[in-house]
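Asker: Have a look at this one before I ask anything.
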Amino acid sequence: MNETVKFTRDGAVAMLTVSRPEALNALNSQVLTELGAHARSLAEMRDVQVVVITGEGEKAFVAGADIKEMLAFTSEEAARFGRVGAQAFAALARLPQIVIAKVNGFALGGGLELALAADFIYASAKARFGLPEVMLGLIPGFGGTQRLADRIGVARALEWVTGADKYDANEALAAGLVNRVVAPEELNDAVNTLARRIAANGPGAVRSAKAVVTASRRTDAGVGFELESAQFGLRFGTAEAKEGLAAFVEKRAAKFPAL
Ligand code: CO8
């Protein structure tokens, strides 16, 4: 069976590309299974610091779950499909690395849910976002209701989920869904530049920062601040922080040890 998710790597930056361009990269069972397997092996890769997720071709990031496959599902098959997808997306969302969704075109339904499993989204100006599930009599099933509300607020998320409209890249930017919008031909460069910039920093510090910043969502403010102080203190026991501080004082570029 041909692979439907391509894994490529450039130094400390890895890329997952959903590759079914003939179906606008729709998520079938095979894609979901492969995404889950990649997420689990990426979690163990201590020499990868940034993961980019994207879709093959010019037109789509991912146009949703595969409607043609879902059409024939029994309830049991649908439940299994939902579980495999939810587990894959949860594994991506739990990765210790920084995960960037590079949204080059349509990010609809499960496709938007996949982008939401990343830490943040960079989008081409021709990207289109939306959760059209209710038009199919469904609701988002891969964690998208929770992650969208978390990203753009409950009121706006309810409007998006129940109205099932599509939003262009600038609307998504204004809503806080997308971090940055660039011209389509500039998207690769913008993401690569950011990914390399992040990967050049102290790898332990970047992972620690991700753990602490994302904890702000799950914990009340007191606990989050305590976690931040604890992690801040722990940094000082690391060779990485010693090197970073010394390099600044010595006016040279830091040479961080591997994790
Ligand atoms: N599934 C399967 N095939 C798809 C999908 C899809 N989601 N989207 C597009 N395709 C296929 C088309 O069928 C077409 O194939 P063919 O050439 O064989 O007919 C090919 O991709 C090209 O698509 P179009 O010809 O439709 O291209 P257009 O430019 O005319 O339209 C759109 C592009 C607007 C993106 C349109 O394709 C579209 O509306 N697609 C469906 C979008 C959608 O509704 N997505 C949500 C799906 S539901 C979902 O994601 C649920 C997730 C949660 C599941 C939880 C389970 C428990």
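Asker: Can you give the local net charge around Gly85? Use residues other than it whose beta-carbon is closer than 14 angstrom to its beta-carbon, Lys and Arg +1, Asp and Glu -1.
Answerer: Here the charged neighbours net out to -3.
Asker: Whole number in Å², please: accessible area per residue of the stretch 5-199, 1.4 Å probe, ligands, DNA and RNA not counted.
Answerer: In whole numbers, the stretch 5-199 has 45 Å² accessible per residue.
Asker: Which ³J(HN,Hα) values, rounded to whole Hz and listed in residue order, are derived for the stretch 156-166 from phi using the Karplus coefficients 6.51, -1.76 and 1.60 in 6.51 cos²θ - 1.76 cosθ + 1.60 with θ = phi - 60°, glycine and proline given as x?
Answerer: Karplus values, whole Hz, x for Gly and Pro: 5, 5, 5, 4, 5, 6, 8, x, 6, 7, 9.
Asker: Count the lysine pairs in the stretch 5-199 whose Cα atoms lie under 14 Å apart, taking only pairs 8 or more positions apart in sequence or on different chains.
Answerer: Going through the stretch 5-199 pair by pair, I get 4.
Asker: Can you list the residues, at least 5 places off or on another chain, whose amide H is less than 5 Å from the amide H of Val5, using H built in the peptide plane?
Answerer: Counting only residues 5 or more places away or on other chains, the set is Ser19.
Asker: Around Ala254, under 12 Å between beta carbons, what's the net of Lys plus Arg minus Asp minus Glu among the other residues?
Answerer: +1
Asker: With each pseudo-label sitting 7 Å past Cα toward Cβ, what's the Glu58-Leu138 distance in nm, one decimal?
Answerer: Taking the two extended label points, one gets 2.9 nm.
Asker: Please list 3J(HN,Hα) in residue order for the stretch 65-70, calculated via the Karplus relation 6.51 cos²θ - 1.76 cosθ + 1.60 where θ = phi - 60°; whole Hz, with x for glycine and proline.
Answerer: Listing the rounded values in order: 5, 6, 5, 5, 5, 5 Hz.
Asker: Farthest toward the dipole's positive end in the chain, which of Val134, Ser29, Ala123, given Cβ charges of +1 (Lys, Arg) and -1 (Asp, Glu) about the Cα centre?
Answerer: After comparing all options, I get Ala123.
Asker: If you take the square roots of the eigenvalues of the alpha-carbon gyration tensor of the stretch 169-259 and sort them as a ≥ b ≥ c, do you get rounded (a/c under 1.5), prolate (a/b over b/c) or oblate?
Answerer: Oblate is the answer for the stretch 169-259, as a/c is 1.5 or above yet b/c matches or exceeds a/b.
Asker: In the chain, what percent of the accessible surface is made up of carbon and sulfur (1.4 Å probe, ligands and nucleic acids excluded)?
Answerer: That fraction is 57 percent.
Asker: Give the long-range amide H neighbours of Phe61: residues separated by 5 or more places, or on another chain, with amide H under 5 Å away, using H modelled in the peptide plane at 1.01 Å from N.
Answerer: Here Asn104, Gly105, Phe106, Ala107 satisfy the definition.
Asker: Can you tell me, using C-alpha contacts under 8 Å and at least 6 residues apart, the relative contact order of the stretch 115-230 as a whole percent?
Answerer: 31
Asker: Sticking with this structure for a sec: Counting Lys and Arg as +1 and Asp and Glu as -1, what is the net charge of the other residues whose Cβ lies under 14 Å from the Cβ of Arg180?
Answerer: So the environment of Arg180 carries a net charge of -1.
Asker: Calculate the all-directions average of the projected area of the chain's alpha-carbon convex hull, and give it in nm².
Answerer: Answer in nm², one decimal: 15.0.
Asker: Check which residues have an amide H placed less than 5 Å from Leu27's amide H, if you skip close sequence neighbours.
Answerer: Here the answer is Gly64, Ala65, Asp66, since their amide H atoms fall under 5 Å of that of Leu27.
Asker: If you find the alpha carbon centre of the stretch 39-90 and of the stretch 91-168, how far apart are they in angstrom?
Answerer: Taking the Cα centre of each part, the stretch 39-90 and the stretch 91-168 sit 13 Å apart.
Asker: Can you give me the relative contact order of the chain as a percent, contacts being Cα pairs under 8 Å and 6 or more apart?
Answerer: Across the chain, relative contact order equals 16 percent.
Asker: Further, regarding this structure: From the backbone phi of the stretch 113-119, what are the Karplus-calculated ³J(HN,Hα) couplings (6.51 cos²θ - 1.76 cosθ + 1.60, θ = phi - 60°) in whole Hz, Gly and Pro given as x?
Answerer: 4, 5, 4, 6, 6, 7, 6
Asker: Pull up the cross-link candidates among the lysines for Lys242, meaning alpha carbon to alpha carbon under 19 Å and not fewer than 8 places away within one chain.
Answerer: Lys251, Lys255
Asker: Now for a different question. Per DSSP helix of 4 or more residues, -39500 (n - 2.57); summed, then divided by the residues of the chain. What does that give at 222 nm, rounded to the nearest 500?
Answerer: -15000 deg cm²/dmol
The values are calculated or read from the model by the stated rules, or taken from the named source; none is laboratory data. Predicted model, so just to flag it, every value in this text is computed and none were measured. As a convention, Cβ positions derive from the backbone with ideal geometry for all residues, glycine included, and neighbour counts pool all protein chains shown. Just the protein is used for accessible areas: all its heavy atoms, side chains included, with ligands, DNA and RNA removed. Shrake-Rupley method; radii C 1.70, N 1.55, O 1.52, S 1.80 Å.
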